[in-house]
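Please treat every number below as a calculation from the coordinates, not as lab data. In this text, all values refer to a predicted model and were calculated from it rather than measured experimentally. Cβ sites come from the backbone with ideal geometry, for glycine too, and all protein chains shown count toward neighbours.
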Amino acid sequence: MAGRIREEDIAAVREQVRIDEVIGEYVTLRNAGGGSMKGLCPFHDEKTPSFNVNPSRGFFHCFGCQEGGDAITFLMKLDGVSFTEAIERLADKAGVQLRREDGDVAEERPKGPPRQRLVEANRLAQEFYAEQLLSPDGAQARAFLDERGFDKEAADTFGLGFAPRGGEVLFRHLRGKGFSADELVTVGLCAVGRSTYDRFRGRLLWPIRDPSGATIGFGARRIFDDDRIDAKYLNTPETPLYKKSHVLYGIDLARRSIGTSSQAVVVEGYTDVMACHLAGVTTAVASCGTAFGEDHTRILRRFLHDHEDFRGEVIFTFDGDQAGQNAAMKAFAGDQSFASQTYVAVQPDGLDPCDLRMRDGDAAVRELIASRTPLYRFVLGNVVRQFDLDRADGRVDALRAGAKLVSSVRDRSKVDAFARELASMVGADPEEARAEVRRAAARAAQGEGAGAQGAPGQQGGRPGQRDDDRRGRPGGPGAQGGQGGQGGQGGRGEQPEPARRRDAVPDLRDPRFTIERETLKLVLQHPVAIGRTTADIHENDFTHPIYQGVWALVAAAGGTVAGAQDHDWVGRLRDASTDPAVSSAISALAVEPLRTAKAPDPDYVVHHVVRLMELTALRRIAEVKSRLQRTNPVEHAQEYNRMFGELAALEQHRRELRDRIAGPA
């Protein structure tokens with residue numbers, strides 16, 4: 001549809017959508033006090049949560065990678081959708097009717113069908129497949145489920161379906177719903193040969209959903225012996241919606257339990273996920289058509305709230321065969337990406353959770369998960385068991401192989417414990433095991449090659465260089481103290497201001513700027529509370545150039561009085577910024593809790609706003625005093641007397657400000 005989405009409709013979406021609900025579909029959020037929430041950033045790997053969300057202001061900001069914005073920005077950045085697509089998705093969530101104006105389209109839409117069309121095609125396909133499962137043609141698929149202990153209620157819970165054996169049944173059905181062949185091929189439901197045909201035919205289907213519950217793909221199992229495709233499982237190919245390395249089957253059902261219990265169970269197949277959930281292990285998920293990897297780890301960590309101060313547990317279940325042992329080795333290689341403790345649960349007779357439930361019931365599945373063992377112990381045991389420990393040379397080889405594994409652990413705090421465990425398994429002296437681990441580490445370091453030599457020293461010099469630059473360059477911390485409140489500008493003389501380098505700008509959290517930061521947090525988060533007390537604030541009251549930029553936008557927008565009447569106050573300021581550093585600061589200031597546990601009262605507001613002006617007065621007093629000391633009262637009597645009068649007036653102004661902070665006697 002041509003034309004822009006109306007501004008009032010965009011404003012309605014921003015007003016009605018709760019950003020914590022939107023982000024909560026991707027990240028486990030916990031209360032951080034002061035009306036803010038915290039979680040692990042979805043935009044970069046971290047062990048300590050620095051991702052903040054302020055529901056009342058509708059903004060998020062990560063203090064680690066500096067990403068920030070509103071719910072629209074979040075979807076655009078994380079899902080790679082356009083502004084229009086993000087608005088459309090949020091409008092659906094909020095129930096806002098979007099209208100368009102005549103004229104040019106506000107943005108060039110990405111090539112290919114809109115994301116919402118693809119999601120809708122999958123939704124209708126899932127409903128169609130579910131209906132077909134109940135049809136006479138779906139009898140063999142139902143029998144497959146019955147044999148594994150899955151009844152109709154289970155099929156409904158997981159949205160299972162059956163793809164008819166005919167080649168164009170789904171294609172014709174969705175064409176009748178108004179979808180084009182291009183849309184159905186793009187979303188992976190159909191493929192093109194001599195004509196367009198259904199990708200899945202004669203198979204039992206599992207819908208694969210994103211954390212919000214939207215169907216983004218399908219997994220299809222072979223159930224007929226005469227199926228011309230030998231592969232037991234087929235999955236949706238890579239599409240704009242479905243990226244197999246970024247998807248976990250069952251995450252839509254498990255995400256809340258994972259967040260509340262701080263436990264995730266990783267199984268190997270769709271039926272294992274079903275068996276675990278039906279047995280009461282509602283934290284089970286599985287990768288889809290690919291091995292569990294780094295991207296899957298990132299997804300789990302977000303929902304686990306996995307960080308160093310709040311550790312949960314991740315439990316892997318593997319088959320007892322060689323493939324299961326290989327999978328365990330791969331999991332161990334990625335183990336250190338988790339702050340949580342990692343475990344493995346393997347049934348002694350090699351049964352997976354689905355088969356175990358069929359044979360022994362729900363309680364056996366729960367017992368399997370409860371009887372977990374540490375992953376490192378399981379992997380070390382697999383390595384050691386390859387050698388004959390009754391022979392001296394076997395014990396030496398086992399120790400050497402185990403030490404190589406232990407030396408690969410990046411978390412050095414765990415190495416000593418793992419070495420002791422290895423010594424116990426092999427029957428060696430703990431000190432001998434430690435020595436072998438050190439030798440293995442040395443051999444690995446030598447094997448990395450000389451090409452990397454010199455890099456550590458080179459990198460090591462950069463942080464110090466940045467510190468020196470900040471202290472010595474005009475406008476940096478070292479130059480600012482004596483510049484009379486001009487943020488270091490006085491040291492530049494008549495030269496034009498150079499382009500500001502990021503590493504030349506003082507840290508926004510430097511204690512010297514605490515009053516500036518807290519005042520701007522009040523301005524952005526509580527414009528009603530701060531009211532007209534900022535009427536006498538000017539840009540030069542802020543000494544940090546980024547904070548000056550934020551205030552300039554506030555002033556240009558009409559000040560806090562305008563903000564008190566504008567629900568999208570923060571978003572409008574951020575949209576008006578042309579400096580990425582200022583935009584980032586706005587989102588940070590909008591989500592960071594105030595330095596008070598209660599709502600800001602007039603005393604709190606006055607303390608910061610008036611203190612900000614008092615600091616300006618103090619800087620101005622220091623500047624005038626400095627000039628007085630350099631002025632000869634005899635040779636330049638008129639100038640000296642003028643400055644003396646200015647100094648007296650400044651001192652009087654400063655006392656008045658101090659009295660306002662102190663309040664009535």
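Assuming R0 = 35 Å, can you tell me the calculated FRET efficiency for the pair ALA139 and SER245, based on Cβ-Cβ distance, to the nearest 0.05?
0.50
Of THR282, TYR376, ILE229, which is farthest on the positive side of the dipole of the chain, counting Cα position, with +1 on Lys and Arg Cβ, -1 on Asp and Glu Cβ, and the Cα centre as origin?
TYR376
What FRET efficiency do you get for ARG100 and ASP226 if R0 is 51 Å and r is their Cβ-Cβ distance, rounded to the nearest 0.05?
0.50
Which of the peptides 581-591, 238-248, 621-631 is most tightly packed, and how do the rest follow, judged by the mean count of other Cβ atoms within 10 Å per residue?
In decreasing order of mean packing, 581-591, 238-248, 621-631 become 581-591, 238-248, 621-631.
Run the numbers for LEU389 and ALA181: contour at 0.36 nm per residue of separation, minus the present Cα-Cα distance, in nm.
Stretched out fully, the LEU389 to ALA181 stretch lengthens by 68.5 nm.
If contacts are Cα pairs under 8 angstrom and at least 6 residues apart, what is the relative contact order of segment 511-662 in percent?
Reported relative contact order: 28 percent.
State the extension gain, in nm to one decimal, for the chain segment bounded by TYR197 and TYR233, taking 0.36 nm per residue of separation less the distance between their alpha-carbons.
Between TYR197 and TYR233, full extension yields 11.1 nm more.
Any lysines with Cα under 23 Å of the LYS47 Cα? List them, leaving off those in the same chain fewer than 8 positions away.
The qualifying lysines are LYS38, LYS77, LYS330, LYS414.
Mind checking segment 558-595 for trypsin sites (Lys or Arg not before Pro) that DSSP puts in a loop (not H, G, I, E or B) and that have at most 14 other Cβ atoms within 10 Å?
ARG595
Count charges around ILE369 for me, please; just the other residues with Cβ under 13 Å from its Cβ, Lys/Arg as +1, Asp/Glu as -1.
-2
In what sequence do PHE513, PHE162, PHE224 fall when counting other Cβ within 10 Å, fewest first?
PHE224, PHE513, PHE162
Figure the gain on full extension for TYR640 and ASP362 (residue separation times 0.36 nm, minus the Cα-Cα span) and round it to one decimal in nm.
90.9 nm
Using a 7 Å offset from the Cα along the Cα-to-Cβ direction at both ASP603 and LEU618, what is the distance between the two label points in nm, to one decimal?
Placing both labels 7 Å along Cα→Cβ, they lie 2.1 nm apart.
Note down the magnitude of the dipole of the chain about its Cα centre, charges +1 on Lys and Arg C-beta and -1 on Asp and Glu C-beta and zero elsewhere, to the nearest 20 debye.
1040 debye
May I ask you to sort LEU184, LEU657 by Cβ crowding, counting other Cβ atoms within 10 Å and putting the fewest first?
Lowest to highest Cβ neighbour count: LEU657, LEU184.
With r as the distance between the Cβ atoms of ASP416 and ASP579 and R0 = 45 Å, compute the FRET efficiency 1/(1 + (r/R0)^6) and round to 0.05.
0.40
For mean projected area of the Cα convex hull in nm², which listed value, (i) 42.0; (ii) 37.1; (iii) 45.1, comes from the coordinates shown?
Label (i) holds the value from this structure.
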